[in-house]
Amino acid sequence: GRRINSCLTLAVMHEGSKVTTIEGLGTPDKLHPMQAAFIKHDGYQCGYCTPGQICSAVAVLGEIRDGIPSHASPSLTDQPQMIASEIQERMSGNICR
């Protein structure tokens, strides 16, 4: 899959698509590793943006693993590296209110 701005997308535009929300990542008894990491490292404040941050972080790791470049990638053909500038660019669309 890929990340989208759900606030700018009508549900009917994704009819038949597989959509993963925060509820689809884990369960209260078996958290997704990213959910557990956010809890362990206090990676949230009020909780309003936390679901989007977690879903986006999971997708970022998948994008890098799959070799999808970002605006921060020095090369469009080389495998992106998991470095701070790459992560920062990819997570920049998530705004904490």
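Where a number appears in this text, it was derived from the coordinates with a stated rule and is not lab data. This structure is a prediction, so every number in the text was calculated from the model and none was measured. Note that each Cβ is placed from the backbone with ideal geometry, even for glycine, and that neighbours are counted across all protein chains shown.
For E89, E15, E63, the sequence from fewest to most other C-beta atoms within 10 Å is E15, E89, E63. Count Lys and Arg as plus one, Asp and Glu as minus one, and take only other residues whose Cβ is under 15 Å from that of A36; the net charge is then 0.
About its Cα centre, the chain has a charge dipole of approximately 120 debye under the convention of +1 per Lys or Arg Cβ and -1 per Asp or Glu Cβ, with nothing else charged. Calculated mean residue ellipticity, 222 nm, the chain: -10000 deg cm²/dmol, from DSSP H runs (n ≥ 4) at -39500 (n - 2.57) each, averaged per residue and rounded to 500.
The GNM of the chain, with springs linking C-alpha atoms under 10 angstrom apart, assigns the highest mean-square fluctuation among I54, I87, I39 to I39. For the chain, the Kirkwood hydrodynamic radius from C-alpha pairs, put into Stokes-Einstein at 20 °C and a viscosity of 1.002 mPa s, yields a diffusion coefficient of 145 µm² per second.
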